[in-house]
1. Going through B:ALA33, B:ALA18 one at a time, which residue ends up being of a type in the set (Gly, Ala, Ser), over 13 Å from the mean Cα position of the chain (by Cα) and on the phi < 0 side of the Ramachandran plot?
2. Find the residue count for the range B:67-80, including only residues that are outside any loop (DSSP other than H, G, I, E, B) and either closer than 12 Å to A:ALA172 by Cα or at pLDDT 95 or above (or both).
3. Name the residue, out of C:THR244, C:THR195, that is touching a residue at least 12 places away in the same chain (Cβ under 8 Å), within 11 Å of chain B (Cβ to nearest Cβ) and surrounded by 15 or more Cβ atoms within 10 Å (Cβ to Cβ).
4. Yes or no: A:ALA163 touching a Leu at 6+ places or on another chain (Cβ under 8 Å), at pLDDT 85 or above and farther than 30 Å from A:HIS15 by Cα?
5. Can you report the number of residues in the range A:179-229 which are more than 26 Å from C:GLY51 (Cα to Cα), within 14 Å of chain C (Cβ to nearest Cβ) and charged (D, E, K, R)?
6. If I ask for residues that are within 16 Å of the chain's Cα centre (by Cα) and either farther than 10 Å from A:PHE125 by Cβ or not aliphatic (A, V, I, L, M) (or both), which ones from the range A:63-75 would you list?
7. Working only within the range B:115-133, note down all residues that are over 23 Å from the mean Cα position of the chain (by Cα) and touching a residue at least 40 places away in the same chain (Cβ under 8 Å).
8. Evaluate the range B:256-264: report whether one residue or more is surrounded by 16 or more Cβ atoms within 10 Å (Cβ to Cβ) and touching a Pro at 6+ places or on another chain (Cβ under 9 Å).
Amino acid sequence: MTLYIPGDGFLYRRHPVTKLVFMLCVAFLAFLGPGRWTPLLIFLAALLPLALFSGLVRPYGGALWRILAPLAFFLFVLHGLFNPAGRTVLFSVGPVAVKLEGVVFAALMTSRLLCVLGASLLFVFTTPPSALMLGLAQHGAPPWLTYVIGATLQIIPHMRARAAAITAAQQARGLETTGSLRVRARALMPMVTPLVLSSLVDAEERAIALEARAFRSSRPKTSLTELADPPVERVARQACVVCTLLLIGAGQWL
Amino acid sequence: MNIAVSDLHFTFASGVAALCGVTLRIDSGERVAIMGRNGSGKSTLVRHFNGLLRPTRGVVTIGDWATHEHSVAQLARRVGYVFQNPDEQICKRRVWDEVAFGAINLGFRGARLHKQVDWALARLGLGSYAGVNPYDLSPSWRRRVAIASVLAMDTEILVLDEPTTGQDARFLAQFGGLLDELRVLGKSVIVVSHDIDFVAEHFARVIVLDEGRILLDGAPEQIFRASEALEMAALQPPQLTRLAQALSLSHCVHTEEEFLRALQTRLAGA
Amino acid sequence: MIRVEGLTYTYPFAGQPALRDVSLTVAAGEFVAIVGANDSGKSTLCYALTGYIPHHFHGAMLGSVQIAGMDSRSTPLAELVTVAGLVFQNPVNQISGARFTVYEEVAFGLENLGAPRAEMAARIDEALALVGLEGVADRSPYALSGGQQQRLALASILTMAPQVLVLDEPTAQLDPLGSRDLFAAIHRLSRRGATIIMAEHKLEWIARFADRVIALAGGQVVLDGAPREVLASPLLEQHAIGRTRFTQVAARARALGLTSSDALLPVTLEEAVDFFRPILPKAINA
């Protein structure tokens, strides 16, 4: 279960940690950067072109639209109508009035979300999880951390299947699981208890399996795949961080 | 209560066609084994009996109920389904409560509840473990708890999905005894299994599925003779059938009694 | 290769020992099968032979277990797993979860051992070929069938080149096809001289391929010898350990006086044919 889309290009060839740093910097800038147009600017000048050159425009646009459109709609409605800073009325619909300041705020929030989501999607679409884990491990992340990240991604579909199996088993024993709130409350424990307990049993067995694969060995680990981390990547990461700090600083003091 | 399956087709959401036109009838009190390789559709078929799956085309009726008109929980009154993994249903802290769970859901109370639960516990050898936490039992004993909890529901039809997998000889013997008692009680029993020796000894009707269709449906004598069909379903004939064939005794052997009888006949004929 | 002396082990909080005074030795290259009813101590013994007892399960352990010359109590588990590999029943829980393709999954153990990258490809390819999974190297481990996942678990352990392979009912959750393929892989290993200890219920197969069979009951060793001696023994029934239908029908035939043969009861098809053929009248041309 990964969102990775195989491909090639500038972004694909970058080191995962570089992309991670970039993504985090963009996120910070979106919220702490100077001016109200920064998030939109970053998106249009950096994120969208990167998506274009990576051949990902369609999935990129599609995902952004699917996630942001409903959010944006609610933001505009809520803030347009109820934001306390609202004063200038743009237009009225019956008893409620949509105010400019609220709309502006909603627009700002939306552009921030667009920026953060845009950067995250670029990262996730172009970075296979295995590369991310390897990259993190190269930079000193402890094995248990990279394990948790990788395993969690794979566990999710497994968990979903198990929850479905538990639902089926309990329904087959006469448990109603849909209907009134009372019915569903009664069904809660019989669904949750086996999920937790069976997961514990699995976790125990998996711990034994990991042990059998020398996961807890103190020998220095090697890796099957090579992940190049040339100096230019390191410089790029440092540049990202420095620029971000400068811009944020500039925004605060100017 | 009969089970009637009429031209059943089922396709998963992923597009995989698991059942391609299955028609069969299981009469009240019948004992049927369903066999076939993984992916043949055997689990998919039996999951239609209690409404876990709804036909894409065709109809499945349990008695006078069409399964697509009732929820799984409602159908649980008529069809008890025992799943393979007990850990995916154990939700009580005492074996007694766990075994009573299904029966309570169906509305059993008081004397009737106690009678059913105690009977189910006894049949599965769990009498002395009634107060124990199910997770203090080993996995094979937890499977007995799962079977008992469905048994206590006193349904007319029982479906068991691979009940003998990983179980030892003692369990197989006790389970065989349980099947006999269920026959006396007039319950229909449908078992999905790939243990051909166990099936040969305890079932008078065997249905073999392959690629979503019924390949064979009949008495063990007919089934175990059809070696090509068995091979298609990745099944080897039972041990005694193979022995009888190797000794050129008879092709109708699949139990110990039949083998000995065939042997005696041959010796007498000399 | 393996030496167990006076092993008595009790799980934490358990009322009684799971293993009582077990002593046995396994020579290099031997294929030993362990049979017994559920809860007779087979799994516990498998854990003790790979160091999980005492290191993972704690509890009270008396006696000693030597694995490839290392004492299981005083050697850390991380070292013991490099000489003794364990494959157990549940195919899905042996997938590490940390890797996304079958190929990487097999590499996982090598990475943890710090094997040089240059060696990895050859070792992984060999392991995959041994179990017959070369064709699925690029698939996700979770997309494989149960039988394939079990062979993957085996390959993942084999690639680490353990000196002893311990398998705890590896085919218990597999269908006949999956069992057959797994047994074929294990048989290949045995023919190459691997030291294998396997707990199993499927008697017909182990009767054919094991060098030795040990029967456990109530945590104790009750029989230890050649397959035919152990699997045809009447003691098995006493201890709720099954016998093949061949053995049972031969015992019945003897009890009914259909044969006066003194020979050891048969366990496999071939032995059963040899047992019954002499008493049958000469072949009438059919």
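The values are calculated or read from the model by the stated rules, or taken from the named source; none is laboratory data. Everything numeric in this text was worked out from a predicted model, so none of it was measured. Positions of Cβ are generated from backbone atoms using ideal geometry, with glycine treated the same way; all protein chains shown enter the neighbour counts.
1. Going through B:ALA33, B:ALA18 in turn, just one is of a type in the set (Gly, Ala, Ser), over 13 Å from the mean Cα position of the chain (by Cα) and on the phi < 0 side of the Ramachandran plot: B:ALA18.
2. Going through the range B:67-80 one residue at a time, the tally reaches 6.
3. C:THR244
4. Working: touching a Leu at 6+ places or on another chain (Cβ under 8 Å): yes; at pLDDT 85 or above: yes; farther than 30 Å from A:HIS15 by Cα: yes.
Yes, satisfied.
5. 1
6. As a first pass, look at the range A:63-75 and keep what is within 16 Å of the chain's Cα centre (by Cα): A:63-68, A:71.
Residues satisfying the conditions are A:LEU64, A:TRP65, A:ARG66, A:ILE67, A:LEU68, A:LEU71.
7. B:ASN133
8. The answer is no; no qualifying residue exists.
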